[in-house]
Amino acid sequence: MDHRAAGLTDAEAIRMYRTMLLARRLDERQWLLNRAGKLPFVISCQGHEAAQVGAGFALKPGVDFVLPYYRDLALVLALGVTSEAVMLAAFARADDPASGGRQMPNHFSDRRLRIFTQSSPTGTQIPHAVGFAWAARYTGEPFVAFVSFGDGTSNQGDFHEGLNFAGVFRLPVIAFVENNRYAISVPLERQIASPDVASRAQSYGMAGVKVDGRDPFAVYRVVREARERALAGEGGTLIEADVMRLTPHSSDDDDRTYRSREEVEALRQADPVARVRAYLLEQALLDAAALEALEAEVAAEVDRATAAAEAAPLPDPATAMRHVYAEAPERPGASTDRWGGAGGKGPEGWTEPAPAGGGTDGGR
Amino acid sequence: MAVKTYIEAIREALWQAMERDPGVFVLGEDVGRRGGVFRATAGLLERFGERRVVDTPLAESAIVGVAIGAAAYGLRPVAEIQFADFIYPATNQIVNEAAKIRYRSNGAWSVPLVIRAPYGGGVHGALYHSQSVEKAFTGHPGLRVVTPSNPYDAKGLLLAAIFSDDPVLFLEHKKLYRLAKGEVPEDFYTVPLDRARTVREGDDVTVIAYGLMVPYALEAAERLAREEGIEATVLDLVTLYPLDRAAIVEAARRTGKVLIVHEDNGEGGVGGEVAAVIAETALFDLDAPIRRLTGPDVPAMPYSPPLEAWFMPSVERIAAAMRELARF
Ligand SMILES: Cc1ncc(C[n+]2csc(CCOP(=O)(O)OP(=O)(O)O)c2C)c(N)n1
Ligand SMILES: [Mg+2]
């Protein structure tokens with residue numbers, strides 16, 4: 001681990017740790033609330049925080065489109081989602097910015113931050129990311145599309161269809177696999193026959209990179225490099241970060257039925273949050289007192305977010321018929337309202353038509 | 001006004017939409033250099049270039065999924081599924097994604113995209129080039145499913161679909177592509193996505209149909225009027241989901257005798273929902289049981305000519321069913 005070698009300042013390294021810690025504490029609080037009967041469902045980022053924060057800090061919030069999956073709490077916090085927004089979703093409150101309490105928790109969405117709404121079927125977001133990347137190419141707006149998912153999900157058809165499409169058109173996509181070696185109870189050996197996921201990149205004509213997902217600075221570096229390549233027109237990257245799942249799959253799962261306590265205990269010994277904390281101490285970026293102050297500050301933030309969300313109003317069933325179809329009148333020809341209509345310059349190597357001659361003739 | 005075929009009307013709509021809005025682009029298999037296997041996109045590549053007329057890899061879920069991402073960004077993609085029979089690999093993207101994106105994001109995101117799919121039989125297409133897929137895609141709030149029965153509607157409905165902010169599954173009947181001819185204005189116009197259309201008025205019997213079955217029903221109605229003095233109202237559903245309930249009820253009340261015709265299988269088809277709407281709202285205005293004339297409940301349309309003819313509802317069979325109802 002070396003944050004300076006990754007091009008990060010001390011202050012940035014500390015902010016990354018703070019984000020990891022906040023994610024961990026928000027996550028732990030949700031488990032407590034679940035066991036207390038206040039939240040019906042929790043799904044965790046615990047053990048994935050370093051990889052997610054590394055990736056989040058390498059992206060440009062509000063510029064890059066991000067398509068996360070349900071484990072990506074630390075990622076979306078790094079991008080600017082607030083603790084209160086997370087808790088509003090956990091409590092399914094009306095003001096949950098992701099869905100107004102319609103979706104399960106951790107189905108992140110924030111239009112302003114360009115975090116695209118996600119569903120539960122795994123992998124469907126991969127072609128969507130390719131579509132956003134297509135729009136970058138189409139309009140000439142400089143951004144990348146970042147999409148994340150688990151190792152099990154790398155077996156879905158949408159993984160193959162989406163990454164192949166991205167490869168064929170050399171689109172600016174970063175596909176980020178958080179490999180925790182499980183898909184609920186099924187271990188990696190039953191998921192893939194290849195030695196790893198990253199090597200599949202070869203089939204898509206894109207770079208494949210493996211990185212230690214417990215090292216946020218290493219992850220930051222590979223994601224930043226992938227972003228630079230994508231923006232330079234060099235196409236996408238498939239990144240595989242080795243992470244660990246410290247919790248059961250979700251609050252409805254009991255992992256004692258398929259993995260030993262020794263195995264989980266060994267993972268806990270390698271906890272990425274503790275690891276980065278030790279690094280900060282060792283590098284003298286923070287001393288013990290400062291770390292304690294940070295803990296207190298994060299705990300207070302989690303308390304505030306929890307209290308605010310719990311007190312917030314629930315959605316009114318009278319609103320449940322809204323947003324099935326567009327409510328505003330149709331606006332013919334208005335797509336440029338949404339994307340500016342600038343661009344229009346094809347990328348190099350694409351044939352562009354001769355300047356328009358004459359009116360419409362129905363294309364005959 | 002020029003007389004055009006259904007496929008020409010579709011091509012003209014695509015052309016005009018792309019002229020009008022730089023965010024409109026088409027993508028699909030063989031839509032570029034080949035101009036589409038039915039030639040719906042012929043000429044577009046030459047006029048609009050590779051950026052806006054995109055030959056994609058052979059992968060339907062990606063075609064729709066990529067269109068979803070581009071639409072969420074703010075573009076207006078028009079995705080072509082080469083034959084409706086091959087839409088099923090994209091079902092998850094259509095039903096679980098496109099249809100639900102506005103709702104699940106509480107209105108924050110929308111996907112203004114059109115999926116064009118040639119469907120229907122009577123073209124010697126056998127089991128996998130003849131299917132009517134509508135029953136799989138109706139009944140998913142958030143998604144609109146429409147199908148034109150004539151060139152005028154083909155152009156106006158497609159333009160409405162492209163400039164709508166909702167995802168629209170736009171079903172084009174293959175047999176109508178060159179069979180259907182009619183007057184099509186040169187100008188830009190739209191036909192509402194949520195309205196059925198009364199295409200014939202009469203007081204003896206009501207036929208409710210869509211797609212190819214509309215011209216068949218009209219021909220049957222003309223024949224019965226001429227030869228037997230039976231006058232039919234014919235309602236073209238146009239929108240298969242959501243249904244134009246008010247128009248269905250009004251058409252049913254007008255004669256009290258309703259024949260529903262479609263080529264898709266009977267059980268589980270759109271006709272069952274139409275019948276339910278009438279039963280719920282206008283049961284006591286009926287003078288005869290609601291009758292359905294549909295494709296038979298076999299898995300799909302067989303190839304050999306007598307088998308195909310056995311499957312397809314014909315003008316003769318529609319006329320016979322109308323006559324029976326009128327006499328009831
Ligand atoms: C299409 C689909 N099939 C099954 C599920 C149920 N399911 C939810 S998460 C999951 C395992 C996913 O594993 P992985 O992709 O490795 O991600 P992880 O949860 O390990 O981070 C399964 C089977 C689902 N959500 N979607
Ligand atoms: Mg996994």
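The values are calculated or read from the model by the stated rules, or taken from the named source; none is laboratory data. Here the structure is a predicted model, which is why all the values come from computation and not from measurement. Because the Cβ atoms are built from the backbone with ideal geometry, glycine has one as well, and the counts that use them run over all protein chains shown. To get the accessible areas, we keep the full protein, side chains included, count just its heavy atoms, and leave off ligands, DNA and RNA. Shrake-Rupley method; radii C 1.70, N 1.55, O 1.52, S 1.80 Å.
Angle of helix A:288-311 to the longest C-alpha principal axis of chain A, folded into 0 to 90 degrees and rounded to 10: 70°. How far is the Cα center of region A:1-69 from the Cα center of region B:238-260, in Å? Going from one Cα centre to the other spans 55 Å.
Taking H placed 1.01 Å from N in the peptide plane, check which residues at least 5 places from B:Leu240 or on another chain put their amide H under 5 Å from its amide H. Under 5 Å from the amide H of B:Leu240 lie the amide H atoms of B:Val145, B:Val146, B:Thr147, each far enough along the sequence or on another chain. Let a ≥ b ≥ c be the square roots of the eigenvalues of the Cα gyration tensor of region B:197-327; is it rounded (a/c under 1.5), or, if not, prolate (a/b larger than b/c) or oblate? It comes out oblate by the Cα gyration axes. Rolling a 1.4 Å probe over the protein heavy atoms gives region A:1-135 an accessible area of 28 Å² per residue. Under 5 Å from the amide H of A:Glu240 lie the amide H atoms of A:Val177, A:Val209, A:Lys210, A:Val211, each residue being 5 or more positions distant or on a separate chain, with H modelled from the backbone and absent for Pro and chain starts. For B:Val24, the amide hydrogen comes within under 5 Å of the amide hydrogens of B:Arg76, counting only partners 5 or more places away or on other chains and with H modelled in the peptide plane. Taking other residues whose beta carbon is less than 12 angstrom from the beta carbon of B:Gly271, and scoring Lys, Arg as +1 and Asp, Glu as -1, yields -2.
Our summary gives region B:2-184 a relative contact order of 28 percent, counting only alpha carbon pairs under 8 angstrom and 6 or more residues apart. Each residue was assigned an accessible area with a 1.4 Å probe, and for B:Tyr73 the value is about 10 Å².
Annotation for region A:286-316 versus region B:12-80: alpha-carbon center distance of 49 Å. In this structure B:Ser304 has an accessible area near 50 Å², from a 1.4 Å probe over the protein heavy atoms. The residues A:Arg93, A:Arg245, sorted by heavy-atom accessible surface at 1.4 Å with ligands and nucleic acids left out, run A:Arg93, A:Arg245 from largest to smallest. Using heavy atoms of the protein chains and a probe of 1.4 Å, the accessible area assigned to B:Lys100 is about 80 Å². Site pair A:Ala274 and A:Arg112 shows an inter-label distance of 3.8 nm when each label is modelled 7 Å from Cα along Cα→Cβ. Once B binds A, the 1.4 Å probe can no longer reach about 5500 Å² of accessible area, counting both sides.
With every protein chain kept in place and ligands, DNA and RNA left out, what is the accessible area per residue of region A:161-249? Probe 1.4 Å, answer in Å².
Values: 3310 Å² over 89 residues.
Roughly 37 Å² per residue, with all protein chains present.
To the nearest 0.05, how large is the calculated FRET efficiency for A:Thr319 and B:Glu267 if R₀ is 35 Å and r is the Cβ-Cβ distance? Once rounded, the FRET efficiency stands at 0.45. Summing charges over neighbours of A:Asp96, with a neighbour being any other residue whose Cβ is under 12 Å away from its Cβ, gives 0 when K and R count +1 and D and E count -1. Just to be sure I understand the model, the point goes 7 Å from the Cα along the line to the Cβ. What's the resulting B:Glu186 to A:Arg261 distance in nm? So the label points at B:Glu186 and A:Arg261 sit 8.4 nm apart. At an R0 of 41 angstrom, the distance between the Cβ atoms of B:Arg195 and A:Ala300 translates into a FRET efficiency of 0.10. Whenever you get a sec, compute what percent of the accessible area on region B:197-327 sits on carbon and sulfur atoms (1.4 Å probe). It is 51 percent, rounded to a whole number.
The largest accessible area among A:Arg137, B:Arg178 belongs to the first residue in B:Arg178, A:Arg137, and the rest follow in falling order (1.4 Å probe, all chains). May I ask for the angle, rounded to the nearest 10°, between helix A:49-58 and the longest principal axis of chain A, with both axes built from Cα atoms and the value confined to 0 to 90°? Computed tilt is about 40 degrees. Build a GNM of chain B with springs between Cα atoms under 10 Å apart, and of B:Ala232, B:Ala275, B:Ala136 the one that fluctuates most is B:Ala136. The residues of chain B present an accessible area of 33 Å² per residue when probed at 1.4 Å with all protein chains retained.
Counting only DSSP beta bridges whose two residues both lie in region B:2-184, roughly 15 percent are antiparallel. Scalar couplings 3J(HN,Hα) for region B:107-118, obtained by applying the Karplus form with A = 6.51, B = -1.76, C = 1.60 to θ = phi - 60°, are x, 6, 10, 9, 10, x, 10, 10, 10, 8, 9, x Hz; x denotes Gly and Pro.
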